[in-house]
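Notes to accompany the following structure.
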């Protein structure tokens, strides 16, 4: 399996992201109107646009396999959104690779924490992945009226006042490739 993670820039790549985001919502079976999902799709990359946000698209052997996005919240906090892996590519490490890479991107962008919300009863495996990556449950930080919503945070660095000024995280390339047997 040849896994490539890239930041979509072409109209075709952004259309693939739209398709994957829609598959994600369809799989949830939840109306995300409260998150203005239709507007989000129409305006991609929108709130995920560089230089403050990021979308990552995973391809396995050249086929679209998964997606994840990062957007800025207040201060030095980012929010991971829409982690989704297509069924044929699950249990192959694609979700973990996407999550790890979006964490790297958050560090590169100077974010000190990443938050997310998810629906534990539906997304149990995702919650387990987030916990394995060091995310911890926190009180709600946004409006999510869906029953079973869980809010999580990963601290990437001490709070701003805890580090000497001028300290920055190392940058990473915009494309990564992984080989797996």
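Right, residue 103: under 23 Å from residue 2 (Cβ atoms), surrounded by 16 or more Cβ atoms within 10 Å (Cβ to Cβ) and at pLDDT 95 or above or not? Working first, answer last.
Details: under 23 Å from residue 2 (Cβ atoms): yes; surrounded by 16 or more Cβ atoms within 10 Å (Cβ to Cβ): yes; at pLDDT 95 or above: yes.
When the stated conditions are applied, residue 103 passes them.
Filter the range 96-129 down to the residues that are within 12 Å of the chain's Cα centre (by Cα) and within 18 Å of residue 142 (Cα to Cα) and list them by number. Please lay out each step first, then the result.
Filtering the range 96-129 down to residues within 12 Å of the chain's Cα centre (by Cα) leaves 96-106, 114-118, 126.
Matches in the range 96-129: 114, 115, 116, 117, 118.
Within the range 127-134, identify whether any single residue is over 24 Å from residue 52 (Cβ atoms), in a strand (DSSP E or B) and modelled with pLDDT of 95 or more, and answer yes or no.
Within the range 127-134, the first condition is being over 24 Å from residue 52 (Cβ atoms), and the residues that meet it are 127-129, 131-132.
Of the ones still in play, those that are also in a strand (DSSP E or B) are none.
No, that holds for no residue.
Which one is surrounded by the most Cβ atoms within 10 Å (Cβ to Cβ) among residues in the range 20-69 that are under 23 Å from residue 93 (Cβ atoms) and modelled with pLDDT under 95?
Looking at residues that are under 23 Å from residue 93 (Cβ atoms) and modelled with pLDDT under 95, I get 24.
Any residue that is at pLDDT below 95, farther than 15 Å from residue 57 by Cα and surrounded by fewer than 19 Cβ atoms within 10 Å (Cβ to Cβ) - is there at least one of those in the range 113-120?
yes
Quick check, is residue 179 at pLDDT below 95 and touching a strand residue (DSSP E or B) at 6+ places or on another chain (Cβ under 9 Å)?
On the way: at pLDDT below 95: yes; touching a strand residue (DSSP E or B) at 6+ places or on another chain (Cβ under 9 Å): yes.
In short, yes.
Which of the residues belonging to the range 1-29 are free of Cβ contacts under 8 Å to residues at least 40 places away in the same chain, out of contact with any strand residue (DSSP E or B) (no Cβ under 9 Å at 6 or more places or on another chain) and either closer than 16 Å to residue 85 by Cα or part of a helix (DSSP H, G or I) (or both)?
11, 12, 15, 18, 22, 26
For the range 83-96, indicate whether the set of residues that are under 20 Å from residue 34 (Cβ atoms) and touching a helix residue (DSSP H, G or I) at 6+ places or on another chain (Cβ under 7 Å) is non-empty. Before you say what the answer is, go through the steps one by one.
From the range 83-96, those under 20 Å from residue 34 (Cβ atoms) are 83-84; that's our starting set.
Next, only the ones that are touching a helix residue (DSSP H, G or I) at 6+ places or on another chain (Cβ under 7 Å) stay: 83-84.
Yes; the residues of the range 83-96 include at least one that is under 20 Å from residue 34 (Cβ atoms) and touching a helix residue (DSSP H, G or I) at 6+ places or on another chain (Cβ under 7 Å).
The values are calculated or read from the model by the stated rules, or taken from the named source; none is laboratory data. What you see is a predicted model; the values in this text were computed from it and never measured. Positions of Cβ are generated from backbone atoms using ideal geometry, with glycine treated the same way; all protein chains shown enter the neighbour counts.
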